[in-house]
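This report concerns only the one structure given below.
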């Protein structure tokens with residue numbers, strides 16, 4: 001039994017560093033006395049991230065957020081920074097749970113914070129991101145239009161704010177996707193260009209640009225747009241080698257190119273590249289199921305390789321679906 005939380009935290013850190021992660025989890029299970037302490041559930045999160053089991057890590061991240069919300073809601077401090085922090089907590093929890101109510105609650109806090117201090121551009125950026133998420137989950141254009149307005153205000157206050165341009169690009173891109181309006185996707189690409197003009201290696205902007213180009217391909221059928229999207233995804237991966245979403249988007253684009261080719265060797269090349277990138281996603285998040293299913297489908301239906309199919313299934317099955 002530990003008498004001090006920070007002693008426990010140090011011990012957990014040492015065990016994780018030594019690779020004794022399951023021993024660390026067992027120790028945390030014994031020390032539930034500290035479960036109301038800020039940071040306790042984050043220790044579980046760190047353990048499961050070390051094991052590359054992101055679904056469990058997210059579960060404990062939610063518990064940590066709930067602890068923090070309960071703590072800060074009872075504080076008398078209702079300053080703009082505190083309201084923004086509460087908004088950020090509700091936003092993150094809503095994103096993990098895909099819960100619109102929590103994200104709407106975050107917007108209320110951002111609105112209150114900006115009412116107190118209209119000049120803080122960073123408040124607008126997170127508010128714009130929250131509105132984008134509501135639009136994405138609800139598949140509704142109205143929150144996306146509001147996200148564009150809020151992100152534009154952020155840029156007005158600070159024209160060097162990368163997040164403002166990127167989030168504006170995300171909202172415009174999704175509007176273009178929902179309405180099949182190619183001009184909105186082109187606007188999105190322009191915003192990503194502006195973000196990259198500030199930082200040419202911003203992985204989020206590069207990935208977003210790739211997604212906008214991929215959606216433009218889906219509307220126009222222009223394969224060159226898809227190949228250009230692949231270049232953006234590659235650049236995003238080079239900028240952030242652990243960015244699993246960029247690998248996933250790259251793999252999806254490569255798979256479309258492979259399916260569109262009538263040349264046997266070219267199809268094989270692009271399908272192998274597709275598998276490589278889907279496997280990268282699994283290496284970064286072994287519990288993410290879509291890449292696993294896509295790889296099995298390619299091996300079975302395109303390559304018709306039963307041995308390779310069984311080998312891959314054996315390698316990843318327990319990680320993805322649980323033992």
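Every read-out reported here was derived from the displayed coordinates using simple, explicitly stated rules and does not represent laboratory data. Here the structure is a predicted model, which means the values were calculated and not measured. Backbone-built Cβ (ideal geometry, glycine too); neighbour counts: all protein chains shown.
Per residue Cα convex hull volume for segment 75-200, in cubic angstrom?
Per-residue hull volume (Cα only) is 97 Å³.
Order these by the 10 Å Cβ neighbour count, fewest first: 305, 4.
If I rank by nearby Cβ atoms, fewest first, I get 4, 305.
Hey, what's the Kirkwood Rh for the chain if you take every pair of different alpha carbons, in angstrom?
21.9 Å
Rounded to two decimals, what is the ratio between the C-alpha radius of gyration of segment 1-72 and 2.2 N^0.38 Å?
Here the Cα radius of gyration is 1.04 times the empirical estimate.
What percent does the relative contact order of the chain come to when contacts are Cα pairs within less than 8 Å and at least six residues apart?
8 percent
Order these by the 10 Å Cβ neighbour count, fewest first: 16, 118.
Ranking 16, 118 by Cβ neighbours within 10 Å, fewest first, gives 118, 16.
Rounded if a/c is under 1.5, else prolate if a/b is larger than b/c, else oblate: which is segment 188-323, with a ≥ b ≥ c the root eigenvalues of its Cα gyration tensor?
Cα axes put segment 188-323 in the oblate bin.
Give me 29, 181 ranked fewest to most by other Cβ atoms within 10 Å of their Cβ, as a rough exposure proxy.
So the ranking, lowest neighbour count to highest, is 29, 181.
Restricting to Cα pairs below 8 Å that are 6+ residues apart, what does the relative contact order work out to for segment 75-200? Please round to a whole percent.
Result for segment 75-200 is 18 percent.
Calculated from DSSP H runs of 4 or more alone, at -39500 (n - 2.57) each and per residue, what is the 222 nm mean residue ellipticity of the chain, nearest 500?
The helix contribution divided over the chain gives -26500 deg cm²/dmol.
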